[in-house]
Each structure stands twice: as structure tokens, then as C-alpha cells.
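For reference, the structure discussed in these notes is given below.
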Number of protein chains: 2
Amino acid sequence: MDDCGNYKNYLNEHGMKSTKQRNLLLSILAKIQTPQTAEKLYLQAIKSDSSINLSTVYRVLEKFTEKNITIRTSFLDDKSVYSLYPKTHQHQLICMRCKKIVLLEHCPLEDFEKSVEESTHFSVVNHRLELYGYCRQCQKIIAMG
Amino acid sequence: MDDCGNYKNYLNEHGMKSTKQRNLLLSILAKIQTPQTAEKLYLQAIKSDSSINLSTVYRVLEKFTEKNITIRTSFLDDKSVYSLYPKTHQHQLICMRCKKIVLLEHCPLEDFEKSVEESTHFSVVNHRLELYGYCRQCQKIIAMG
DNA sequence: GTCTTAAATGCAAATAGTTTGCATTTGCAT
DNA sequence: ATGCAAATGCAAACTATTTGCATTTAAGAC
Ligand SMILES: [Mn+2]
Ligand SMILES: [Mn+2]
Ligand SMILES: [Zn+2]
Ligand SMILES: [Zn+2]
């Protein structure tokens, strides 16, 4: 291929071949702020590579997630969303109406984890925290009926 | 019907007709300790009422969840699971090896929620918190290799 | 009790996000 | 360049869940 993209070394270091589809998806993920569905990423990708296939997007994202390059999240019935694995520990605040996601940098759980370890004799190695609510716009829309 | 079940008043108070399917599912949910999939509940229900239909189970659980009688949870690809809505707000500590679940009564997030509401202008109505780790026994087993 | 009516159910079919089988192409090590 | 495993495109399958519709049923009025 003429230009395998900017992520060849990165991909090879993670034990993956550098393909134009993977490079493209990495570049899209790197630009994007909020987690996106596979289909949204596919629609973005198809602008640069009209032959890319939705199955490939799913397979690439699955592989990325397996390698901890991306993270996949899902809620009840909704589609899963994918984003680059966060460099720093963070949590999500999710609007239950429009599905907007705000990232929360501060984690309030360090002391709590320690106290749980003491009281339960577990070793706590991870946690999952998501807040659910309504964003300002959706609050207004809901108030109007 | 001869015997509408034990939950007639309870159901009527929640604005629902008392049907044998709903009574049966409530009695199953009340007995069961861990959250179950709709299909598991259906398989349990069919023992008492061989004519109950899986669609009905889904519809009943949807209605129960809408009334906050049950809670529905799901992880990634897995099927949703349903359980009676916990009487007290609580969280889970899950052993990643043996899948044991310890319920945590104390919630450390009240102040955090308020500060998030102030900084994001969301209204926060709910949260999901799970801790992951290893129980004492599994720690020992892992240490032994 | 009977009557009335909206809600609930059974059944079959549809939905939709995601996965998979398979033929073909591609990247990478030699 | 060559060979081969891995990745891709395409279409079809999968599967948890939902939905349309005809029929039954519960609750309330009489
Ligand atoms: Mn945290
Ligand atoms: Mn809490
Ligand atoms: Zn919103
Ligand atoms: Zn354990």
C-alpha cells in the first residue's frame, strides 16, 4: 500500500497488522471527543474509504477493545459505543434522553475503596461508576412536555 | 379466576391488573436471590403455568421496571437481568474470579453527585457503581499459583 | 350476578445490533 | 519476490427483544 497511515508502528507493537481500515479508524477515534457507535464511526470512515465495510468496523473495534486500545460501553437496549481507552482514570455522566456523555476527571472513590477493602477483606482492583441524569437542554425539553 | 395470587392488592395499588402471570412472576422474583434473565424467569414460570409466554414475561418485566418494582441491568452483549428493586440503595463488590457478590450498603456519592450537578448543569438522578476485585479465598488461591 | 371496556395475553412475525462463514485480498517475515 | 496467516467485503445468520393482532381477562358499574 502507498501509505499505511500514521499508526503502523503503534499497531505492530500491539501485535496487529497495519491496515488502512485500522489506521483510518484510529485517526477518527483520535479526533473524536465523545464515544461513538460502530455505525457512526463507519459513516465517518466511509468518507475517506468508500469501500470499508461495517463488519470490518465491528471487527476492528473488537480487536482494539481486546488490546485495550478502545473501550466499549453499552446501556440496556442501546447500541454500544466505543472510544479510545482513557489515558487517565475517569467516569461518565450520561444524559438519559439524548445519550450525550460528559467525562468526569475526578474520582471520589479512593477512600471508599480502602474502607471496603478493610471491611470485606477483598482486594479491590477496579471499579465502574456512571452517573445518569439529564443535560440542561433535555431538562428544558422535558419541562415543556 | 379462582385465586388471583397473593399480590392482587399490591398490583392494584401500583395501577396494574392482577393477572396470574404477574402474580407468578412476583412470587418467583421474591424467592430468587440473584438477578435472572427473562428466559430463566420464563423457564421457572412455565413450571407453574405451562401456558405462559415469553413475550408476556418480557412485557411484565418491562411494566414492573417502569413501576420500579424490578430493576433491569445489562452488561455489554449479555442478556438483561431482572431482580426486585432493592429496598435500600446499594452497590456491589464483585469477585472477578469466583463471581461472588457482596452488597455494599454505604453509598459514598452524595456529595460527588451534587458537585457534578453544579459543574455540569446536569440533573443527576441515578448512578451505577460496582467494585471489582478478589475475595479473600481467591486471593489465596491466586497467590498459590 | 351480568355487562362493558380497556388492558393483558398468546402466538407468530418483525426488528436491529452484532456476529459469522467464506471467498478474496493484504501485510509482513523470510 | 514468495508464502502464509491474518484481515477484509459481502451476504447471510444470529439472538435478545419487541410488536401486531386476534382473543382472553380483570376491574368496575350496574
Ligand atoms: Mn473512579
Ligand atoms: Mn450509590
Ligand atoms: Zn440530553
Ligand atoms: Zn472470589
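The values are calculated or read from the model by the stated rules, or taken from the named source; none is laboratory data. Just so we're clear, the structure is a prediction, and the values are computed from it rather than from any experiment. Quick reminder, even Gly has a Cβ in these numbers, built from the backbone with ideal geometry, and neighbours come from all protein chains shown.
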Complete set of residues in the stretch A:67-91 that are within 10 Å of chain B (Cβ to nearest Cβ) and within 16 Å of ligand 1 (Cβ to nearest atom): A:THR73, A:HIS91
Which numbered condition B:CYS98 fails, given (1) under 18 Å from the mean Cα position of the chain (by Cα); (2) assigned by TED's automatic domain parsing to the domain that holds B:TYR132: (1)
Selected residue (criterion: nearest to ligand 1 (Cβ to nearest atom)) from residues of the stretch A:1-58 that are among the small types (Gly, Ala, Ser) and under 20 Å from A:VAL81 (Cβ atoms): A:ALA30
Pairs with Cβ under 7 Å, 6+ apart, first in the stretch B:125-145 and free of Cβ contacts under 8 Å to residues at least 24 places away in the same chain, second in a loop (DSSP other than H, G, I, E, B): B:HIS127/B:LEU109; B:ARG136/A:HIS121
Any hit, the stretch B:105-114, residues being more than 23 Å from the chain's Cα centre (by Cα), more than 7 Å from chain A (Cβ to nearest Cβ) and more than 16 Å from DNA strand C (Cβ to nearest atom): yes
